[in-house]
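Shown next, in structure tokens, is the structure this report addresses.
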Amino acid sequence: MDHGNSTINPTHSKLYQGFYRKMFGNLPPHKFTEEEMIALMPKMVFDVPLVSAIQRANEMLAQCKKELDLFLKTIPSYKLDNLQERIRGIEAVIQELLISIRVINAYLVEEGAEETDVPVFLRQGTLKQSLAFIKDFDEPEGFPEAQPEVHEKLTMFREHIDDIGHAINHERFQETASLTEDDSTTAGERTALEELVDSLETLIPFRDVVLFRRENPGIQGVCEKIVTCQWALSTIREYLFDYSRVYAENATPRKTVDRAIKYLASLQADLFNPTNAYKVLAQEMNGTGGRDDNPNMPAGYTYFGQFVSHDITFDPISRLDRQEDPDFLNNYRTPRFDLDSIYGRGPQDQPFMYVPGKPLFILGKAAGSSRNISEKDLPRNAFGHAIIGDPRNDVSVIISQLHLLFLQFHNKVVRAFEENKKGFKGNDLFTEAQRIVTWHYQWVVVHDYLKRLVGEDMLYQKIPDPQSAIKGKPTITFEYFNWEDRVYMPIEFSAAAYRFGHSIVRSTYDLNERVKDVPLFGEKDNDLRGSRSLRRDWSIQWDHFLEFPDKAAPQYAHKITPKLSPALNQIPMARGHIKSVAEANLLRGASMGLPAGQTLARAMGIEPAVAGNDPLWLYILKEAEKEADGTRLGTMGGHIVAEVLLGLFATDPHSYWYANPRWTPKAEGVITKNDTFEFKDLVSYAKDLSG
């Protein structure tokens, strides 16, 4: 599809009903298969909601069994023969289910084996069997971190397992107290046996899990038992209704059976709850910190990408805990690269951001600044909150310094016009400076940032390379992204593809030569969280974030992979119970009905880079890692991001492309005389501003 530089009818962004829509609306949402659920559920160690559901069902089934025993004793004797076999049968099913649930519970919380079971197990298991169990024990995921002491003992015994086997010449386990000199054991051998017994006591539930998984179809087997038990309990419930003369409607046995059926249904729903499966995927995406840097992406582009996101989108109302209808989500930010996050509604409507009587932004000072040492900061109120067009640009020290950079950029352009006596005054001067700043920013988005994201080949298949000779009217080619009256924000972009940025975030950053290794989240006032005055000496030295000639290499963003920095595993100021960025992104995609990545790739005529049934956001990250070693987006992710950003750019009536698609920064001649203009060049122009 070729939109060229077609026009749109600008409308206030709050009226953009359906601004978020699917590019491929008929694709089914991502859904875990039963096999995937079964495979993922055992990994859910320590998941509190699931543990609670299992324990609740366990208690209710035990009570139900007790009530059925009571029922058998109190029904009329002439009916006993008719019910006894059926009720005993359901009690057997309940007992079997109780055992299965106890094993799963043990697996989830590392408990479950009662103390009375320990000596029985130790006496019944041969030494040979127990040593083999230790040697072959397959530690569940998360086990070493959750049970470090047991993991340490396991490791120790595995290293010395042959020595232990030779040292203890007993065919079967016995009480440790019965081991005496008469047993031909030395003190060291008795100590070894005692340590072995102690460890086995701790490991009993895991032994049960191993046996359970070997002899039982796993979680699916439990669910089948649940269905059987629900059906049988429903039958018993009917019998209880039949004996209303014996049991009133609110009698304890009837209420107990009803509750047991309810809890069984809840347990089955929890076992096969997709939310829990997304939590497992999120846990697997949690990185360890030892991640590779991306030589194509200096760290400054991580936050430039966040800045771009804030410029084009703002959705304060969508939630993760409900199914969202994309056709009724509003975007509260204009869908353009117009820097409304910087300019707001302008000096007429928001004069508090501007110097009175001048087309300049008000700048603030860092805490502790003096007349001799003045570090710039965003303008702030008495509470430390930034007075800017978009409060999200103050969520971290880095993004706030980037916002400050654009304020300085604008002020520098205004003063350059004043010094060169260009003839612009008042509002005309402000409007012209805004145009210059915005067009140079748009150029950086397209010809620097986007080129790094998708690669030069893909980008310049869609938009002409400014360094090449262009014949005729320049146009932008769209293969997948289409719209009618006005461009929109596909949720495949906003809720998945553009969220690649979370995977490139580092856990710590060097701000300058003096302030280094500052964590994203750490001790209060000693991390990179924003919404407070800039600390003295914390001004960003941009050659630590971007590549400049004759400067040392900067910090680089992490590669685009399915692993996120540890800092994003637990966000301290996250709202609600979801603290993990990975979990929030996966659940957001599910709530908006996004398709599986492989499904969308096939719909676009693209061969999936990896096999499987991955949520779209996860697939985007896997695709980038597989196809480009994480240095840029893969084929599908690249097409989505490139075409959406270019679509917003091409249809903006205030963009340089709309006004003059042949425009270049060099042709403008205000900021640069060079053929190329990148983010670092914008910084170089703005950073030396002194006032």
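Between the DSSP loop rule and a limit of at most 10 other Cβ atoms within 10 Å, which trypsin sites (Lys or Arg not before Pro) in the range 633-679 are left?
Values: sites: ARG662, LYS666, LYS673; in loops: ARG662, LYS673.
Here the trypsin sites (Lys or Arg not before Pro) that fit, given the DSSP loop and packing criteria, are LYS673.
Between their Cα atoms, which of LYS563/LYS626; LYS365/LYS579; LYS451/LYS626 are more than 21 Å away from each other? Please report the intermediate quantities before stating the final value.
Working: LYS563/LYS626 13 Å; LYS365/LYS579 33 Å; LYS451/LYS626 19 Å.
Table pairs above 21 Å Cα-Cα are LYS365/LYS579.
How would you order 604-615, 382-393, 302-313, 529-540 from highest to lowest mean count of nearby Cβ atoms within 10 Å?
Values: 604-615: 15.5, 382-393: 17.2, 302-313: 22.6, 529-540: 19.2.
The peptides rank, most packed first, as 302-313, 529-540, 382-393, 604-615.
Please list GLU492, GLU152 in order of solvent-accessible area, largest first, computed with a 1.4 Å probe with all protein chains present. Kindly include the intermediate steps, with their values, before the conclusion.
Values: GLU492 0, GLU152 130 Å².
Per-residue accessible area, sorted high to low, gives GLU152, GLU492.
Roughly to the nearest percent, how much of the accessible area of the range 415-474 is carbon and sulfur, given a 1.4 Å probe? Mind dumping the intermediate values first?
Working: 1340 of 2960 Å².
Here it works out to 45 percent.
Distance in nm between label sites at ARG415 and ALA265, each 7 Å beyond Cα in the beta-carbon direction?
Distance between the two pseudo-spin positions: 7.1 nm.
Can you order the peptides 295-301, 452-458, 515-521 by their average number of other Cβ atoms within 10 Å per residue, highest first?
Details: 295-301: 21.4, 452-458: 19.0, 515-521: 15.7.
By packing density, highest mean first, the sequence is 295-301, 452-458, 515-521.
Taking amide H positions as placed 1.01 Å from N in the peptide plane, with prolines and chain starts having none, which residues 5 or more places from TYR556, or on another chain, fall under 5 Å of its amide H?
Residues meeting the criterion, in which the H sits 1.01 Å from N, are ALA299.
Using 0.36 nm per residue of separation minus the Cα-Cα distance, give me the extension gain between HIS151 and THR275 in nm, one decimal.
Result: 41.7 nm gained on full extension.
For the range 347-438, give the magnitude of the charge dipole about the Cα centre (Cβ charges: +1 Lys/Arg, -1 Asp/Glu; no others), in debye to the nearest 20.
Values: 12 positive and 9 negative charges, 53 e Å.
Here the size comes out at about 260 debye.
What spacing in nm lies between the two simple spin-label points modelled at THR676 and PHE548, each 7 Å away from Cα in the Cβ direction?
Inter-label distance under the simple model: 1.7 nm.
Keeping all protein chains in position, work out how much accessible area HIS502 exposes to a 1.4 Å probe, and write it in Å² to the nearest 10.
Using a 1.4 Å probe on the heavy atoms, I get roughly 60 Å².
Under a Cβ-only charge scheme (Lys and Arg +1, Asp and Glu -1), can you give me the dipole magnitude of the range 570-691 about the Cα centre, in debye to the nearest 20? Please list the in-between numbers first.
Working: 12 positive and 14 negative charges, 56 e Å.
The dipole magnitude comes to about 260 debye.
If each of LYS473 and GLU35 carries a label point 7 Å out from its Cα toward its Cβ, how far apart are those two points in nm?
Taking the two extended label points, one gets 5.3 nm.
Just the number please: accessible area per residue for the range 454-519, 1.4 Å probe, all protein chains included, in Å². Intermediate results must be reported in sequence, preceding the final value.
Details: 2990 Å² over 66 residues.
In whole numbers, the range 454-519 has 45 Å² accessible per residue.
Would you please give the FRET efficiency between LYS66 and ARG486, computed as 1/(1 + (r/R0)^6) with r the Cβ-Cβ distance and R0 = 60 Å, to the nearest 0.05?
Details: r = 66 Å, r/R0 = 1.09.
Working from the Cβ atoms, E equals 0.35.
Hey, with R₀ at 25 Å, roughly what FRET efficiency would ARG662 and LYS626 work out to, going by the Cβ-Cβ distance, to 0.05?
Numbers: r = 38 Å, r/R0 = 1.51.
Once the sixth-power term is evaluated, E becomes 0.10.
May I ask you to compute the full-extension gain from VAL355 to GLU607, defined as 0.36 nm times their residue separation minus their alpha-carbon distance, rounded to one decimal in nm? Walk me through the intermediate numbers first.
Values: separation 252, 0.36 × 252 = 90.72 nm, distance 5.51 nm.
Length difference between fully extended and current span is 85.2 nm.
For a Förster distance of 45 Å, can you work out the FRET efficiency between the beta-carbons of ASP465 and ASP517, rounded to the nearest 0.05? Please list the in-between numbers first.
On the way: r = 40 Å, r/R0 = 0.89.
Calculated value: 0.65.
With no solvent and one equal point scatterer placed on each C-alpha of the range 496-610, evaluate the Debye formula and give log10 I(q)/I(0) for q = 0.11, 0.13, 0.16 Å⁻¹, two decimals.
The Cα Debye sum returns log10 ratios of -0.52, -0.69, -0.91.
The values are calculated or read from the model by the stated rules, or taken from the named source; none is laboratory data. Just so it is clear, the model here is predicted, and its values are computed rather than measured. Neighbour counts run over all protein chains shown; Cβ positions are idealised from the backbone, glycine included. Remember, those area values only see protein heavy atoms, side chains included, never the ligands or the DNA or RNA. Shrake-Rupley method; radii C 1.70, N 1.55, O 1.52, S 1.80 Å.
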